[in-house]
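Q: I have a structure here, written as structure tokens, and I will follow up with some questions on it.
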Amino acid sequence: MNINTVTVSQLNLYIKTRFEMDENLSKIFVMGEVSNFKKHYPSGHVYFSLKDERSVIRAVMFSQYASRVPFNVCDGMKVVVCGRVSCYEVSGQYQIYVENIQPDGIGSVYMAFEQLKIKLQAEGLFDEALKKPLPQYPKKIGVVTSETGAVIHDIKTVTKKRYPVCEIVLYPVEVQGEKAGLKIAEGINYFNKEKNPVDVMIVGRGGGSAEDLWPFNSEEVARAIFNSKIPVISAVGHETDFTICDFVADKRAATPTAAAQMATPDKEHLKIILEEFQKNIHSLLDFKIKKLKDIYAQLAEALKWLSPEKNIKEHKINLEDTLKDLNIAFKMSFGRLNEKYKLLCSKLELCSTQSVLKKGYSIVLYKGEKVKSLKKLKNNDRIKIVFSDGTVECTLSNIKNYNFKSKGVIL
């Protein structure tokens with residue numbers, strides 16, 4: 001007969017694997033009484049047992065989780081723990097590995113809170129990368145809270161003091177009771193309508209018991225905040241109170257007053273910033289003006305050398321000198337030409353008919369034409385004789401022709 005055998009270690013590992021494969025044991029809430037509580041100080045791990053009237057289970061809480069417990073755990077305390085069940089291979093002992101622990105006074109409420117928190121966290125509703133930034137200078141703030149509580153009064157007071165130009169719009173809702181969660185979700189959705197735009201939203205209420213704050217742990221409110229296009233500030237309860245609303249919101253404020261401070265800039269701080277801007281602008285303008293003046297001075301100096309005015313003045317002087325030279329040259333040339341003209345006139349005068357007539361010569365005209373030889377004339381022809389001082393008409397007679405080549409001719 002063949003029998004398969006395993007080692008103790010293999011058996012314990014198999015049992016551990018079976019524990020860890022069971023989804024019901026991977027995240028479980030267990031209620032019981034703490035006993036044999038011990039804290040291992042060097043490591044910070046916590047070891048205890050959890051029991052009820054009939055059974056006991058060992059529990060361990062490692063330091064990374066134990067350091068987050070906000071109260072002192074002691075023997076006899078009724079608690080609800082959240083964790084996973086597995087087997088410790090070395091001893092073969094199964095135990096619960098605790099990740100969170102709360103007093104049993106709010107056992108059922110806390111269990112519901114943790115279950116919803118785990119569900120929404122797994123869906124990414126708490127993802128920091130998806131959170132929207134708050135507007136720097138909001139014009140309008142929407143508030144979802146009770147119209148009779150101190151929350152709206154505190155928000156209005158703080159906003160008026162810090163940033164009075166901002167408008168506060170209230171959507172009044174019930175902040176506790178069975179229907180409060182749905183009303184709060186309706187208020188958040190209301191401000192997301194296009195006809196009622198606001199820049200940022202505050203959702204909250206004052207302090208109270210866990211049951212009083214429970215509407216802000218509802219899934220309806222969580223999903224309304226997550227789906228909001230408008231940034232949401234959660235201001236629920238006091239600084240030590242945490243709700244699902246705080247985890248989903250884009251920002252969490254410890255109190256409604258803190259939420260108003262978070263949503264608005266401080267006018268005094270803005271005044272300081274504006275004064276600094278004004279100083280910087282004046283400094284920049286003064287620097288710019290000085291720089292432009294320097295550039296202007298440089299250009300003006302360069303213009304003196306590059307300006308055509310200087311060349312025009314120089315050319316004007318040259319032109320005036322040239323005109324003077326031309327005038328002198330003209331006068332000299334004119335004088336010479338005038339002298340030449342007078343000389344030519346004198347020569348012309350000497351050659352003129354009048355000048356010849358004045359010397360005792362005369363001109364004989366026959367029928368209006370000059371007579372150069374007696375051969376063209378005959379006796380009884382009427383001629384005109386022109387002298388320098390007049391004319392005379394006469395009839396020819398006794399014409400004699402002379403041969404000037406013969407010697408002894410007397411004129």
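Q: With labels modelled as points extended 7 Å from the Cα through the Cβ direction, what inter-label distance (nm, one decimal) is found for residue 58 paired with residue 240?
A: Here the answer is 3.5 nm between the modelled labels.
Q: So what is the orientation-averaged projected area of segment 138-265, using the convex hull of its C-alpha atoms, in nm²?
A: 6.6 nm²
Q: Which of the chymotrypsin sites (Phe, Trp or Tyr not before Pro) found in segment 21-114 are in a DSSP loop and have at most 15 neighbouring Cβ atoms, other than their own, within 10 Å?
A: 62, 71
Q: Using modelled amide H (1.01 Å from N, peptide plane; none on Pro or chain starts), what sits under 5 Å from the amide H of residue 167, excluding residues fewer than 5 places away?
A: When sequence neighbours closer than 5 places are left aside, the close amide H contacts are 140, 141.
Q: What length, rounded to one decimal in nm, is gained on full extension from residue 397 through to residue 281, with 0.36 nm per residue of separation minus their alpha-carbon distance?
A: Roughly 29.0 nm would be gained on extension.
Q: Does segment 352-411 come out rounded, prolate or oblate, given a ≥ b ≥ c as the square roots of the eigenvalues of its C-alpha gyration tensor, rounded meaning a/c under 1.5 and, failing that, prolate meaning a/b above b/c?
A: Because a/c hits 1.5 or more and a/b fails to exceed b/c, segment 352-411 counts as oblate.
Q: Using 0.36 nm per residue of separation minus the Cα-Cα distance, give me the extension gain between residue 377 and residue 272 in nm, one decimal.
A: Fully extending the segment from residue 377 to residue 272 adds 24.3 nm.
Q: Express the Stokes-Einstein translational diffusion coefficient of segment 211-261 in µm² s⁻¹, to the nearest whole number, given a Kirkwood radius over alpha-carbon pairs, 25 °C and a viscosity of 0.890 mPa s.
A: 225 µm²/s
Q: I've got another one for you. In what sequence do 31, 201 fall when counting other Cβ within 10 Å, fewest first?
A: Arranged by neighbour count, lowest to highest, 31, 201 become 31, 201.
Q: So if I take the centroid of the Cα atoms in segment 1-64 and the same for segment 155-173, what is the distance between those two points in Å?
A: Between the Cα centre of segment 1-64 and that of segment 155-173, the gap is 54 Å.
Q: Moving to a separate point now. Please list, in order along segment 238-252, the HN-Hα scalar couplings obtained from phi with the Karplus expression 6.51 cos²θ - 1.76 cosθ + 1.60 (θ = phi - 60°), rounded to whole Hz, x for Gly and Pro.
A: Values per residue, Gly and Pro as x: 9, 4, 8, 8, 10, 10, 4, 4, 5, 6, 7, 4, 5, 9, 10 Hz.
Q: Select from segment 60-161 those GluC sites (Glu not before Pro) which occupy a DSSP coil region and have at most 13 other Cβ atoms within 10 Å, ordered by residue number.
A: 147
Q: Label point 7 Å out from residue 182 along Cα-to-Cβ: which residues of segment 112-154 have amide N under 20 Å?
A: Taking a point 7 Å out along Cα→Cβ of residue 182, the residues of segment 112-154 whose backbone N falls under 20 Å are 144-147.
Q: Please identify, among 18, 84, 336, the residue showing maximal mean-square fluctuation in a Gaussian network model of the chain using a 10 angstrom Cα cutoff.
A: Of the options given, 336 has the highest mean-square fluctuation.
Q: If you don't mind, there's one more thing I want to ask. For volume of the Cα convex hull per residue in Å³, which listed value, (1) 137; (2) 159; (3) 618, comes from the coordinates shown?
A: (3)
Q: Then there's this: Quick check on my link table: of 132/193; 131/193; 139/161; 160/271; 139/271; 340/372, which ones sit more than 23 Å apart, alpha carbon to alpha carbon?
A: Too far apart for the 23 Å limit: 340/372.
Q: Please list, ordered by chain and number, the residues whose modelled amide H lies under 5 Å from the amide H of residue 45; skip anything fewer than 5 residues away on the same chain.
A: Sorted by chain and number, the residues that satisfy this are 40, 63.
Q: Related question: To the nearest 500 deg cm²/dmol, what mean residue ellipticity at 222 nm is calculated for the chain from DSSP H runs of n ≥ 4 alone, each contributing -39,500 (n - 2.57), summed and divided by the residues?
A: -14000 deg cm²/dmol, from helical runs alone.
Q: Okay, moving on. Convert each backbone phi in segment 358-371 into a coupling constant with the Karplus relation 6.51 cos²θ - 1.76 cosθ + 1.60 (shift: θ = phi - 60°), then list the ³J(HN,Hα) values in order as whole Hz, x for Gly and Pro.
A: Whole-Hz 3J(HN,Hα) from phi for segment 358-371: 5, 7, x, 8, 9, 10, 9, 10, 10, 6, x, 10, 5, 9.
Laboratory data are not the source of any read-out in this text; all were calculated from the coordinates shown. Fair warning: this is a prediction, and the values are worked out from it, not measured in the lab. All Cβ positions, glycine included, derive from the backbone under ideal geometry; neighbour counts span all protein chains shown.
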